[in-house]
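**Q** Right, I'll just put the structure down here and ask away after.
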Amino acid sequence: MNNNEITFKDEYGNLVVIMTDVVQLFKKYQQLLPTTPESAGVLIGERRGRHIVITDISIPGKGDSCSRYQVDRKGEHHQKKVDEAFIKSNKTKHYLGEWHTHPEKYPIPSSLDYNSWSKIDASNGNIVFIIVGQENMWLSTKTKSSFNLFNEVTLE
């Protein structure tokens, strides 16, 4: 993964931009060693028309349950981070979705991932889902009940 922002594009021209600070955090949590547990958090940022800009994320912390092949984001700090970003940005930054890692080079969602995501309400706009792998990142948005896959980006 490079040190710059990353832009994803779908077949309709919709963009999801991941800012540099977020890319750096994703790099920190990649499961590159056999002992590294899965990590997860929420995505925070702005909707700019039909485009999405991810400016921050929450990271694993107290209350979360992490193992090599599973993560359960239970900590209250995730919601607190969203609330603080909303207030500090004068209501321009919001919850945008979820991220987590997989211990595989080219991550793909599991049935557990899809089951969990299907419970998230996307009636107020696209929800972004990111899986950070060892060499690649998977990204999709969900609108109501359908998923829209974005182009993959190779991590350096």
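The values are calculated or read from the model by the stated rules, or taken from the named source; none is laboratory data. Here the structure is a predicted model, which means the values were calculated and not measured. Ideal geometry is used to build each Cβ from the backbone, glycine not excepted, and the neighbour counts take in all protein chains shown.
**Q** Do we have any residue at all in region 80-93 that's in contact with a helix residue (DSSP H, G or I) (Cβ under 8 Å, 6 or more places away or on another chain), under 20 Å from Thr143 (Cβ atoms), of a type outside the set (Asp, Glu) and in contact (Cβ under 8 Å) with a residue 12 or more places away in the chain?
**A** No: zero hits.
**Q** While we're on this one: Out of all the residues in region 116-156, which are modelled with pLDDT of 85 or more, within 16 Å of Leu32 (Cα to Cα) and surrounded by 15 or more Cβ atoms within 10 Å (Cβ to Cβ)?
**A** Correct list: Ile131, Val132, Gly133, Gln134, Asn136, Met137.
**Q** Still on this model: Quick test of your reading of the structure: Ser140 fulfils all but one of (1) free of Cβ contacts under 8 Å to residues at least 40 places away in the same chain; (2) part of a loop (DSSP other than H, G, I, E, B); (3) under 20 Å from Met19 (Cβ atoms). Name the failing condition by number.
**A** Every listed condition holds for Ser140 apart from (2).
**Q** Quick one: how many residues across region 1-37 are over 13 Å from the mean Cα position of the chain (by Cα) and aliphatic (A, V, I, L, M)?
**A** Residues that pass the stated criteria total 4.
So that you can scan it fast, the table gives a plain yes or no per residue for (1) among the polar types (S, T, N, Q); (2) in contact (Cβ under 8 Å) with a residue 40 or more places away in the chain; (3) farther than 21 Å from Ile120 by Cα; (4) surrounded by fewer than 15 Cβ atoms within 10 Å (Cβ to Cβ):
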| site | (1), (2), (3), (4) |
| --- | --- |
| Glu46 | no, yes, no, no |
| Arg50 | no, no, no, yes |
| Pro60 | no, no, no, no |
| Arg68 | no, no, yes, yes |
